[in-house]
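The structure under discussion appears below in the form of structure tokens.
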Amino acid sequence: MIIGVPKERKVHEYRVALTPQSVRVLVQRGNKVIVEKNAGVGSKIGDEEFRRAGAKIVESEEELFKSSELVVKVKELLPEEFPLIRKDQVLFSYLHLAANRELLEALKKSGVFAIAFETVELPDGSLPLLSPMSRIAGRLSIQIGIHFLEKTGGGKGVLMSGAPGVKPGKVAVIGGGTVGYNAVLSALGLGAEVVLIDINPRKLEFFHEEFGGKVKTLPSYPDLIKKELKDSDLVVGAVLVTGDKAPRVITNEMISEMESGSVLVDVAIDQGGCSETSRPTNLDYPTFDVDGVIHYCVTNIPSLVSRTASYSLSNNILPYVLKIADGKVEEDEALKKGINVDRGRLLLRLD
């Protein structure tokens with residue numbers, strides 16, 4: 001199969017879907033891999049590394065799409081890229097269609113066979129291609145929050161660890177999945193006071209046991225969320241419903257009662273965000289203010305650590321790229337769940 005790896009066009013998207021190591025494996029299995037010029041530059045991977053791995057470098061995205069049977073990329077197509085896709089292609093990428101109806105309609109109209117990383121699902125319900133980036137985003141959410149809590153970042157000037165005689169900062173994490181777990185891990189490591197809120201009692205039990213009672217755990221009731229957010233310095237939105245829009249568990253009223261200079265990092269923004277006040281931002285203009293609360297709603301957070309993220313993503317998607325290239329999508333139940341659009345038909349269930 002001819003596999004194409006384009007350069008990402010999203011604002012400050014520095015990741016690349018496949019690394020030279022993965023390309024070499026694909027080529028050794030009899031596939032042809034073409035990579036757009038400078039596709040890996042943002043992750044410190046030069047064209048020559050791809051050439052040594054057996055890839056052909058092409059000058060333009062148009063040439064790459066025209067020549068490819070399978071297009072493997074990181075982020076969803078942008079409107080200017082819609083005309084490039086066609087019905088005899090397979091697209092394998094993050095899509096997040098529940099929050100992007102324009103892209104959904106474009107994919108249906110094109111007749112492309114589109115598989116989304118974020119809905120590939122194993123029998124135990126885990127998401128093997130979402131988890132690597134969720135892990136990174138969860139850890140970065142605390143790092144980002146710390147920066148914007150600093151006075152020069154517009155925040156209230158709080159040190160997460162506190163100081164002798166001064167209480168530590170408080171972090172509220174809403175959602176106990178991969179993002180939430182890694183946010184909690186990072187916040188605790190910095191000495192913050194941490195509360196985890198989730199709708200699932202098993203998740204609450206897990207966090208209580210995993211961290212030896214050091215994390216306060218609460219069920220996801222509006223009154224409890226409101227109370228915890230009121231005195232939190234940093235809130236991490238980590239709510240996920242596979243393939244669907246994130247529920248808006250944080251209301252305008254809750255935000256209005258938070259202290260000025262507090263920070264909300266809404267990692268759920270790819271799926272629409274979990275706060276009524278959230279809207280997508282990019283790395284050029286990452287924040288906005290609502291009632292004095294700094295909102296960080298960047299839709300490609302892992303791009304901040306593009307080299308780490310690219311290698312992590314490539315390692316995890318490679319087995320599935322091999323199966324697609326071998327024509328074995330229907331033999332893999334996890335991949336079948338990842339099919340969002342099949343030649344004009346929407347297979348993803350959207351509420």
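The values are calculated or read from the model by the stated rules, or taken from the named source; none is laboratory data. Source: prediction; values computed, not measured. Using ideal geometry, Cβ is built from the backbone for each residue, glycine included, and neighbour counts are taken over all protein chains shown.
Structure notes:
Listed here are the residues, each with its yes/no results for (1) out of contact with any Gly (no Cβ under 9 Å at 6 or more places or on another chain); (2) modelled with pLDDT under 95; (3) β-branched (Val, Ile, Thr).
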| position | (1), (2), (3) |
| --- | --- |
| Ile115 | no, no, yes |
| Leu140 | yes, no, no |
| Leu159 | no, no, no |
| Gly165 | yes, no, no |
| Gly175 | no, no, no |
| Leu190 | no, no, no |
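- Positions within the stretch 282-296 being under 21 Å from Val11 (Cα atoms) and assigned to a loop (DSSP other than H, G, I, E, B), in sequence order: Asn282, Leu283, Asp284, Tyr285, Pro286
- Matching residues in the stretch 6-32 - criterion: being in contact with a helix residue (DSSP H, G or I) (Cβ under 8 Å, 6 or more places away or on another chain) and among the β-branched types (Val, Ile, Thr): Val16, Thr19, Val23, Val25
- Unique residue being assigned to a loop (DSSP other than H, G, I, E, B), of a type in the set (D, E, K, R) and touching a residue at least 24 places away in the same chain (Cβ under 8 Å) when the list is Arg248, Arg279: Arg248
- Pick from the stretch 1-48, criterion over 22 Å from the mean Cα position of the chain (by Cα) and assigned to a loop (DSSP other than H, G, I, E, B), ranking: surrounded by the fewest Cβ atoms within 10 Å (Cβ to Cβ): Gly30
Matching residues to (1) assigned to a loop (DSSP other than H, G, I, E, B); (2) surrounded by 22 or more Cβ atoms within 10 Å (Cβ to Cβ); (3) among the hydroxyl-bearing types (Ser, Thr, Tyr); (4) not assigned by TED's automatic domain parsing to the domain that holds Tyr285:
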site	(1), (2), (3), (4)
Asp124	yes, no, no, yes
Ser141	no, yes, yes, no
Thr152	no, no, yes, no
Val171	no, yes, no, no
Gly176	yes, yes, no, no
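Rundown of residues vs (1) in the same structural domain as Leu104 (by TED's automatic domain parsing); (2) at pLDDT 95 or above; (3) surrounded by 22 or more Cβ atoms within 10 Å (Cβ to Cβ), yes/no style:
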{"site": "Gly237", "(1), (2), (3)": "no, yes, yes"}
{"site": "Lys245", "(1), (2), (3)": "no, no, no"}
{"site": "Glu253", "(1), (2), (3)": "no, yes, no"}
{"site": "Glu276", "(1), (2), (3)": "no, yes, no"}
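- Test for Val265: is it within 24 Å of Gly243 (Cβ to Cβ) and part of a strand (DSSP E or B): yes
- Going through (1) part of a helix (DSSP H, G or I); (2) surrounded by 23 or more Cβ atoms within 10 Å (Cβ to Cβ) one by one, Pro83 falls short only on (2).
- Residue match in the stretch 55-68 (condition: under 14 Å from Arg343 (Cα atoms) and part of a loop (DSSP other than H, G, I, E, B)): no
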